[in-house]
Amino acid sequence: MEDKAPPPTTVLQPIRCKAAVCRKPGEALVMEEIMVAPPMAHEVRIRIICTSLCYSDITVWKMKDPPGIVPRILGHEAIGVVESVGEDVNEVKEGDTVIPTFMADCGDCKDCLSNNSNLCSKLPFSVSPGLPRCGTTRFTDLNGEAIHHFLFVSSFSEYTVVDVANVTKVDPAIPPNRACLLSCGVSTGVGAAWRTANVEKGSTVAIFGIGSIGLAVAEGARLCGAARIIGIDVNQDKFEIAKQFGVTEFVNSRSLGDKSVSQVINEMTGGGADYCFECVGLPSLVQEAYACCRQGWGKTVVLGVHKPGSVLSFDSLDVLHTGKTLVGSLFGGLKPKSDIPVLLQWYTDKKLELDKFVTQEMGFEDINKAFSLLIEGKCLRCVMWMNK
């Protein structure tokens with residue numbers, strides 16, 4: 001009896017697709033054809049449905065020194081469909097709808113198994129130019145030149161490759177132009193109020209910087225039942241918009257005369273806010289936020305992305321005598337694989353109002369217009385559809 005030949009195996013091939021490539025820091029992205037290699041072990045290749053623009057993309061796009069690097073495919077807020085999987089991938093399969101995140105959730109390390117942290121120690125966060133396990137890229141241009149990754153996602157491409165630890169399977173019925181927001185910005189802000197600060201019902205919250213992240217913090221504080229949500233910003237025009245997100249009072253930090261912001265907040269609150277959130281990325285604002293969170297139990301949460309090498313300075317006696325807490329919050333303290341589905345359920349239940357974060361929608365080919373709108377302060381979140 002003749003031995004039967006083994007069944008043929010499907011060998012995954014590179015995919016040629018469109019991507020918006022950052023070729024020079026601060027210059028318009030170049031829409032070009034690239035090649036996306038097949039996923040390696042523990043990786044998935046994703047067809048992006050839509051992606052949104054976050055200010056972190058702008059920040060790194062401008063950088064001429066590391067962690068800035070070119071050529072690079074930016075983008076890290078997205079939703080897509082799994083096109084193929086590499087070896088040792090079991091939790092998702094071809095056809096699944098997934099949200100990629102810059103935060104890994106491996107499910108194996110001490111941190112991922114703990115309720116005390118969302119910082120994976122097996123695949124730690126970094127602004128790496130490659131994928132987390134090997135540091136290499138899956139992108140090349142048509143000349144064979146390597147193109148670098150961004151935040152382990154690189155969603156400004158019709159197809160991308162992401163580690164399975166950085167994807168969360170979601171219900172495909174959720175509108176993709178809303179679900180994509182939970183890749184970064186909205187999750188970070190809402191999570192900072194919900195998970196990191198654990199804002200209590202009836203408490204007072206002060207938010208330094210009411211851009212997209214600050215408004216997401218306000219949304220989270222509203223969901224947690226905060227009684228007073230004070231928005232602090234230099235742009236008076238933001239205050240009317242902020243009311244839609246639960247902000248109850250406003251402070252224009254350019255119209256305080258001889259008083260500091262912290263003095264004004266301390267006076268408004270009778271001794272300081274219960275929770276302060278710094279959402280701009282300035283060491284001076286972290287110090288102001290810390291100065292106006294209440295002694296004994298006040299908590300200051302740092303969300304703003306500071307320049308590399310930025311230093312915070314505090315008086316040691318002030319730290320000792322006031323009993324306040326200062327904490328950083330990466331991705332809002334959320335564990336992507338368990339907490340993103342909760343946020344999506346809140347959206348379905350009409351508790352979390354994602355719709356109001358989306359101020360523009362456009363085609364992927366208009367990505368440079370989206371950059372201009374965000375830089376000019378004319379949008380909160382601009383969602384780009386890959387094929388629409």
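Here the range 151-169 is the region considered, the condition is being touching a His at 6+ places or on another chain (Cβ under 7 Å) and open to solvent by 10 Å² or more (accessible area, probe 1.4 Å), and the residue that is nearest to Arg45 (Cα to Cα) is Val164.
Of the helices (runs of 4 or more DSSP H) lying entirely inside the range 170-276, those containing at least 1 residues that are without any contact (Cβ under 8 Å) to a residue 12 or more places away in the chain and open to solvent by 30 Å² or more (accessible area, probe 1.4 Å) are 238-243, 261-269. Report yes if Ser126 is more than 28 Å from Trp385 (Cβ to Cβ), among the hydroxyl-bearing types (Ser, Thr, Tyr) and part of a loop (DSSP other than H, G, I, E, B), otherwise no. Considered against the rule, which asks whether it is more than 28 Å from Trp385 (Cβ to Cβ), among the hydroxyl-bearing types (Ser, Thr, Tyr) and part of a loop (DSSP other than H, G, I, E, B), Ser126 comes out as yes.
Could you go through the range 44-66 and let me know if any residue there is open to solvent by less than 50 Å² (accessible area, probe 1.4 Å), of a type in the set (Gly, Ala, Ser) and part of a loop (DSSP other than H, G, I, E, B). Checked the range 44-66: no residue is open to solvent by less than 50 Å² (accessible area, probe 1.4 Å), of a type in the set (Gly, Ala, Ser) and part of a loop (DSSP other than H, G, I, E, B). Scanning the range 22-40 for residues that are in contact (Cβ under 8 Å) with a residue 40 or more places away in the chain and within 19 Å of Asp57 (Cα to Cα) yields Cys22, Arg23, Lys24, Pro25, Ala28, Leu29, Met31, Glu32. Residues of the range 310-326 include at least one that is closer than 28 Å to Leu181 by Cα, at pLDDT 95 or above, surrounded by 12 or more Cβ atoms within 10 Å (Cβ to Cβ) and not polar (S, T, N, Q).
You will find that of Phe152, Phe139, the residue that is within 28 Å of Asn368 (Cβ to Cβ) and touching a Leu at 6+ places or on another chain (Cβ under 7 Å) is Phe152 and no other. Counting only helices (runs of 4 or more DSSP H) that sit wholly inside the range 283-388, those with at least 3 residues that are within 22 Å of the chain's Cα centre (by Cα), farther than 16 Å from Ile213 by Cα and aliphatic (A, V, I, L, M) are 336-348, 367-375.
Quick check on my filter: what residues within the range 67-89 are of a type in the set (A, V, I, L, M), within 18 Å of Pro336 (Cα to Cα) and buried (at least 24 other Cβ atoms within 10 Å of the Cβ)? First the steps, then the outcome.
So the first thing to find is which residues in the range 67-89 are of a type in the set (A, V, I, L, M), and the list is 69-70, 73-74, 78-79, 81-82, 85, 89.
Checking the rest, the ones that are also within 18 Å of Pro336 (Cα to Cα) come to 78-79, 81-82, 89.
Of everything in the range 67-89, those that are of a type in the set (A, V, I, L, M), within 18 Å of Pro336 (Cα to Cα) and buried (at least 24 other Cβ atoms within 10 Å of the Cβ) turn out to be Ala78, Ile79.
The rows are residues; the columns are (1) in a loop (DSSP other than H, G, I, E, B); (2) touching a Pro at 6+ places or on another chain (Cβ under 9 Å); (3) without any contact (Cβ under 8 Å) to a residue 12 or more places away in the chain.
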| residue | (1), (2), (3) |
| --- | --- |
| Leu74 | yes, no, no |
| Gly80 | no, yes, no |
| Asp88 | yes, no, no |
| Val92 | yes, no, no |
| Leu119 | yes, no, no |
| Cys134 | yes, no, no |
| Phe152 | yes, yes, no |
| Ser155 | yes, yes, no |
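The values are calculated or read from the model by the stated rules, or taken from the named source; none is laboratory data. Keep in mind that this is a model prediction, so the values were computed, not measured. Heads up, the Cβs are rebuilt from the backbone with ideal geometry, glycines too, and the neighbour counts pull from every protein chain shown. Just the protein is used for accessible areas: all its heavy atoms, side chains included, with ligands, DNA and RNA removed. Shrake-Rupley method; radii C 1.70, N 1.55, O 1.52, S 1.80 Å.
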